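The structure under discussion appears below in the form of structure tokens.
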Amino acid sequence: MSIHASFSGVSIRLVHVATIRRRAAGAIRAKVEPSEKSVELMRKFSEQYARRSGTYFCVDKGVTSVVIKGLADHKDTLGAPLCPCRHYDDKAAEVSQGFWNCPCVPMRERKECHCMLFLTPDNDFAGNEQACAP
């Protein structure tokens, strides 16, 4: 939604920047950010796991940040760090099965991270860091 206004002969377009998601049946839900505590917990977990698994964060720090926030959001809302990069028909059922809880089974077994959070050194997108800024 935007509003056009004119001040002193200068045309300005005001844009409403609220983050809103439309859900099924026309329901609207405002996007809530994960708690700082959960973000910090997931950041520390990610750094520790990267060192332990010999993997690195993406050279694009935005990827790392978005994935960590997604994990933190799922930790807050679902009680577990469910992979935020996949679609689930029933997130609660997926959490209880544990397959996609981070680190997911493909990551633990084959070092394949769908989210690009944990990358092997030979990956073209791998940076050279195992730490990320808060």
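Side notes on the structure shown:
- First in segment 100-128 and among the β-branched types (Val, Ile, Thr), second anywhere and surrounded by 14 or more Cβ atoms within 10 Å (Cβ to Cβ), Cβ under 8 Å, 6 or more apart: THR120/THR55; THR120/TYR56; THR120/LYS111; THR120/ALA126
- Qualifying positions in segment 50-64 - farther than 12 Å from LEU119 by Cβ and surrounded by 13 or more Cβ atoms within 10 Å (Cβ to Cβ): LYS61
- Residues in segment 95-122 that are within 9 Å of THR55 (Cβ to Cβ) and over 16 Å from the mean Cα position of the chain (by Cα): MET107, LYS111, THR120, PRO121.
- Qualifying residue in segment 90-97 (condition: out of contact with any Asp or Glu (no Cβ under 9 Å at 6 or more places or on another chain), in a loop (DSSP other than H, G, I, E, B) and without any contact (Cβ under 8 Å) to a residue 24 or more places away in the chain): yes
- Between CYS104, CYS85, the distinction of being touching a Gly at 6+ places or on another chain (Cβ under 8 Å) and either under 19 Å from PHE45 (Cα atoms) or surrounded by 12 or more Cβ atoms within 10 Å (Cβ to Cβ) (or both) belongs to CYS85 only.
- Scan of segment 95-111 for residues that are under 15 Å from VAL67 (Cα atoms) and either touching a helix residue (DSSP H, G or I) at 6+ places or on another chain (Cβ under 9 Å) or at pLDDT below 95 (or both), ordered by number: TRP100, ASN101, CYS102, PRO103, MET107
- Of the residues making up segment 109-134, those that are out of contact with any Gly (no Cβ under 9 Å at 6 or more places or on another chain), over 25 Å from GLU36 (Cβ atoms) and surrounded by 12 or more Cβ atoms within 10 Å (Cβ to Cβ) are GLU112, HIS114, ASN123, PHE125, ALA126.
The values are calculated or read from the model by the stated rules, or taken from the named source; none is laboratory data. Quantities reported herein were computed from a predicted structural model and do not represent experimental measurements. Positions of Cβ are generated from backbone atoms using ideal geometry, with glycine treated the same way; all protein chains shown enter the neighbour counts.
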